[in-house]
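Heads up: the structure comes next, in structure tokens.
What follows is calculated from the coordinates using simple rules that are stated; it is not laboratory data. On a predicted model such as this, the values are computed, not experimentally measured, just so you know. Don't worry about glycine lacking a Cβ; one is built from the backbone with ideal geometry, like all the others, and counts go over all protein chains shown.
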There are 2 protein chains.
Amino acid sequence: MIKITLPDGSVRDYNKGTSAMDVAKSISEGLARKVLAASINGEVWDASRAINEDASLKLLTWDDADAKATFRHSTAHLMAEAVQSIYPNVKFWVGPAVDSGFYYDMDLGNDVLTEEGLHVVEKKMVELAKKNSTFQRKEISKADAVQYFTEKGDEYKLDLLSNLEDGSITLYTQGDFTDLCRGPHIPNTSFIKAIKLNSVSGAFWKGDEKNKQLTRVYGISFPNQKELDEHILMLEEAKKRDHRKLGKELGIYTMDDDIGQGLVLWMPNGTVIIEELEKLAKETENAAGYKRVVTPHIAKENLYLTSGHLPYYADSMYPPMELDGTKYYLKAMNCPHHHKIFDAEPKSYKDLPYRIAEYGTCYRYEQSGELFGLMRVRCLHMNDAHIYCSKEQFAQEFKAVNDMYLKYFKIFGIEKYVMRLSLHDPAKLGEKYVNEPELWLETEELVRSVLIENNIPYVEVKGEGAFYGPKIDVQIWSVIGREFTLATNQVDFAQSRSFKLSFTNKDNEPEIPLIIHRAPLGTHERFIGFLLEHYAGKLPTWLAPLQVKILPISDKFMEYGEAVLQKLKTAGVRAEIDDRNEKIGKKIRDTEIAKVPYMLVFGEKEIADNAVAVRKQGKGDQGVVNLDEFIKNITHEILNRE
Amino acid sequence: MIKITLPDGSVRDYNKGTSAMDVAKSISEGLARKVLAASINGEVWDASRAINEDASLKLLTWDDADAKATFRHSTAHLMAEAVQSIYPNVKFWVGPAVDSGFYYDMDLGNDVLTEEGLHVVEKKMVELAKKNSTFQRKEISKADAVQYFTEKGDEYKLDLLSNLEDGSITLYTQGDFTDLCRGPHIPNTSFIKAIKLNSVSGAFWKGDEKNKQLTRVYGISFPNQKELDEHILMLEEAKKRDHRKLGKELGIYTMDDDIGQGLVLWMPNGTVIIEELEKLAKETENAAGYKRVVTPHIAKENLYLTSGHLPYYADSMYPPMELDGTKYYLKAMNCPHHHKIFDAEPKSYKDLPYRIAEYGTCYRYEQSGELFGLMRVRCLHMNDAHIYCSKEQFAQEFKAVNDMYLKYFKIFGIEKYVMRLSLHDPAKLGEKYVNEPELWLETEELVRSVLIENNIPYVEVKGEGAFYGPKIDVQIWSVIGREFTLATNQVDFAQSRSFKLSFTNKDNEPEIPLIIHRAPLGTHERFIGFLLEHYAGKLPTWLAPLQVKILPISDKFMEYGEAVLQKLKTAGVRAEIDDRNEKIGKKIRDTEIAKVPYMLVFGEKEIADNAVAVRKQGKGDQGVVNLDEFIKNITHEILNRE
């Protein structure tokens, strides 16, 4: 008998060789029908794989990211089976799961797979899936594997084999298809109920353009048709809401070859959004007791040697500027500069928590192939702050930071979010993780209890913490269901040691502070990119670059228009008159396209009543409203960020 | 006879060989007594030098910068005469006028001049000045000059002579002292009524530390004792107001060796000042129709080749970061980035004037010896903006910019200022100046008339314009009379050509815009340095990092203190409680030293009346005031930046 520990801490006895699926069935048949894979001692396994020793076990269903990846990778094998049945001479390279689904790279020889051909493959996959073929795992010696693929004449798998160690090699078979594969896989093909192959394109073998071009097919799959339909709808909507398209149409940002790739020039409309976000951050942080600082964008090499960014992070940094025997680097993070400000004046316990904030601009040299609109850039304006506190103050500070995230989510209508809590791995203390076992456990438990007490949805991941402490990655979903990694929230024991930071505690002894790194609004670049998609460019009034467009129905009424404009400006509302010699219908249409929240239309009748006919973006005619009443309403709406 | 043209345009006939002094006497004996030198055809001459051809002439008195420099340089000769009378073996190197007065470098052989010795020299100078010795100019051939100094055994003057051309060499003699000197000088020594020798120090010959060390004596002089007394007072006051001392005491800024020289870390208190200044700039610019932009701090080499910064300005720039075959530079100016934003979308005459503003951070590699506190730094936050307009719009735009300067001067109590209008030199068109003779004359005249119409004090300087247009340097004086160069205001014809900027004019033709570069508040670094001196650290309430300190006379009254704090915070006032267990007298003294504008003191009596006893920085007790009344008053004061 072996002992299986379940996530709730309960321990059950099973026969040696039992599988996760057996365990699931012993709990409930309904549960078993949902199980796609299992986490055994933190490693993802096939649900059907035999367990021969005591283990902790977590059953993985569609809601688990690891199960989704297993499901998608299994669909790649299903696709390979379908392709092989149509093109028997095909040879396969690799077929991983990716964020957007899965792909498989293949050598079709003289055959060509067209967009139309994809439909045929898709149909075949649906047919094969229904056969309910089991994914069978087989451990094999390297010699046997080499013999198998040599006989098959598969130079691609032989190439993969050459980098694998004997004893770690497995084959997976479903139906007529066998693949060299580390696994794991879902129990059988019948789980795959909905499939969409998205694209076929060329991809150089091993990504090297000197190599042969293979054929890459991208696809996605779901356990039911409804989710696939929703996904396709989401993609279509995301295309319309593409931040690069909206960014150009709405005059938000531009890029220029003479400035450089990934370096955003924020145009006037984008700068209004930036300033409104910074105003929000400053108000929020001011109320939460933060002080603001301003630091340079460069520093000498020595700073980054102390912080540990050099040499480990050098690949992501711009190269140094070397002058008078000194190397200067553009900063990739604000923390070392902030530590220097903490250290500029002696601190006592009375000065703590010491919270300093800066919308600091950092530079990171992302590979040019990875640059993408505002989402992946080289110049980042970060909603950064560092909180220096004692161990006793930590829980309260960390809770306050989390509350700030929740406050922002509410303002921006972000309803779905998850915090991914990355922990240390005790086996790697002093190696991958700073060797403070008690501090790790203590802060991890503090972080965990703040998350639980506040009913914040979170997942735990072992062995993914930062070097210096537990880390929370915040994932949010836009209103159309696309996932964004927004920001991180980190606990740090190590940097205060490297920078020799300390404060005098109540016993008049020097003590090392804990540091919280936090950036709830992430970077302007990524957050504004997210907002453009989230709101489809129809920003809420407080964020809109232009809040009100004034549309006189004829030139005769320009004087009243000017008076309205002045009143709005005095009230701090961003407004403009459309003084073009155009029909009112066209003016309204153009303003709709420009996504301005409010239009004020007026002629003789409205002027006589000191009123305006109000049209609201996306909601149409709101009727005639007294001008002062309108101003009162809109300033209230702006002030409360509704 | 020759014709002498005076500044008012009048022309008078004089005998050939007449001098500026003769002309002065012919106008008024009183005027002649004030004449120190003369400007002949734009060149500074001795007032006594013979004029042999038609010329334009301006008499220079103490109020002219060139006369001041001549006066100070003549004092250097007087000092040399005095030193020579005491140390007969002395040899002299050079003795120029400088911003702070004058100096002379000398080789005293085995003699040593101590601080005490300076007093002896000073006394001797006063004695010699009273002798009313004339400064006599003598043209001499190079051969004769070499013979003279060879006989004298003066290797220093022989070294100078080796670099001079025959025909341009003059000697000046006053009393027993003769010097190789280009001149000019004041008429005689009796003008020098007040002298102060400031310091004696070592200075390597030709500034090269491998050379012999000479003795350098610094001094200053005035035409009357009163001005010297005022000057000494100003220096003492300036020492107390030193922005580096105040900057540290008040927690405004710090620097750090690991970050780099000249790179300012703005601490929380300094950042409050920065944010208030930016708020002021944004309000002012917003009301004036500017839009805001945000641009990266780096760009590719090509941008600076187009703008002309490379290679001409390369010495003042940080060296490039070279990566993937591309050179990136830190920006030393914001203009090229702004031009790219102008150019990102097509412009028509309806879009002009297009005004874009940014508190842009620039990096300039000043030599380490020239770095000085906040006054000379390597990272500059600049109150920058660029206005793109048509020729017809120029005058109005330029006037609006000047009005903005005046508005700021009023806010900061800057009563003395001068605009230095630098013009082109027609002889150097197409060489030092862009070859647009009409545009030069036209814009110079436009600029001049705006200055005259607005009664703005200004001086004109020929041949000091920027390459691309006339330039105004704005000089301001702090309340203790120290001069600061604050900012420039430039007209630009050239860059819109280099960047191929254009707009579609009313005739539907492409037209090149004029550009105004302007930065009324200069850089945060220099302006905050100025403000610290100007206000002696006692910043006006709206700028003060901490505006109100709440001082309960005993711990018993902390609850009321907290209520006062909350009310102030809600009203947007920056306030803190002094909760230390200290006597009220000490609390008041400490708050005075911290230069907080207001202190609110209270005990049982004030609390009963819902009041506070108000103390104002530098003004003492203001009596007991109802709390709401106080809040009303202070918010009014802050809002109006009183």
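Figures for the structure shown
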item	result
For the stretch B:164-256, average projected area of the Cα convex hull in nm²	11.0 nm²
Rg/Rh for the protein assembly as shown, where both radii come from Cα atoms and Rh is the Kirkwood radius	1.04
Of the chymotrypsin sites (Phe, Trp or Tyr not before Pro) in the stretch A:453-490, those whose Cβ has at most 12 other Cβ within 10 Å and which sit in DSSP loop	none
Per-residue HN-Hα couplings for the stretch B:528-536 [Karplus 6.51, -1.76, 1.60; θ = phi - 60°; Hz; x = Gly/Pro]	5, x, 4, 4, 4, 5, 4, 9, 6
Cut-off 12 Å between beta-carbons: net charge of the residues surrounding residue B:15, Lys and Arg +1, Asp and Glu -1	+1
Cα shape, chain B, gyration tensor, a/c 1.5 rule	oblate
Per-copy distances of the residue B:213 label point, shortest first, in nm (7 angstrom along Cα→Cβ)	7.5
Projected label distance in nm at residue A:122 and residue A:226, using a 7 Å step from Cα toward the beta-carbon	2.2 nm
FRET efficiency, 1/(1 + (r/R0)^6) with R0 41 Å, evaluated for residue A:150 and residue A:52 via beta carbons	0.80
Sparse-neighbourhood loop sites, GluC sites (Glu not before Pro) in the stretch B:109-173 - DSSP loop, at most 14 other Cβ within 10 angstrom	B:165
Position residue B:279, label points 7 Å along Cα→Cβ, spacing to each other copy in nm (shortest first, one decimal)	1.2
Cβ-vector label at 7 Å, residue B:435, separations to other copies in nm	7.5
Surrounding net charge for residue A:190, when Lys and Arg each add one and Asp and Glu each subtract one, Cβ distance under 11 Å	+4
Beta bridge orientation in chain A: antiparallel %, DSSP, nearest 5	85 percent
For the protein assembly as shown, size of Cβ-based charge dipole, Lys and Arg +1, Asp and Glu -1, in debye	1460 debye
Relative compactness, the stretch B:481-603, computed as alpha-carbon Rg over 2.2 N^0.38 Å	1.84
Inter-probe distance in nm under a simple model that places probes 7 Å from Cα toward Cβ, at residue A:233 and residue B:15	10.7 nm
Nonlocal amide H pairs with residue B:94, under 5 Å, H built at 1.01 Å	B:105
Residue-by-residue Karplus 3J(HN,Hα) for the stretch B:626-635, coefficients 6.51, -1.76, 1.60, Hz, glycine and proline x	4, 4, 5, 4, 4, 5, 4, 5, 5, 5
Computed label-point distance, nm, for sites residue A:500 and residue B:131 using a 7 Å Cα→Cβ extension	6.1 nm
The stretch B:400-486: GluC sites (Glu not before Pro) falling in loop per DSSP and having at most 10 other Cβ within 10 Å	B:415, B:431
The stretch A:2-61: C-alpha gyration tensor shape, a/c 1.5 cut-off, then a/b vs b/c	rounded
Shielding by other protein chains, A:246-259, mean Cβ within 10 Å	4
Average partner coverage of A:319-332, which counts Cβ from other chains inside 10 Å	4
Total formal charge among the other residues, if their Cβ is under 13 angstrom from that of residue A:420, Lys/Arg +1 and Asp/Glu -1	-3
Gained length - residue A:33 relative to residue A:593, 0.36 nm times residue gap less alpha-carbon distance	196.7 nm
J(HN,Hα) series, the stretch A:294-302, from Karplus relation 6.51 cos²θ - 1.76 cosθ + 1.60, nearest Hz, glycine and proline x	10, 10, x, 8, 10, 7, 6, 3, 4
Interchain or long-range residues, amide H under 5 Å from residue B:327's placed H	B:301
The stretch A:80-241: mean projected area of Cα convex hull, nm²	10.4 nm²
Model label zone, residue A:213; criterion: amide N under 20 Å from point 7 Å along Cα-to-beta-carbon; scope the stretch A:73-112	A:90-94, A:103-112
Under 5 Å, built H, 5+ apart or other chain: amide partners of residue A:461	A:421, A:422, A:423
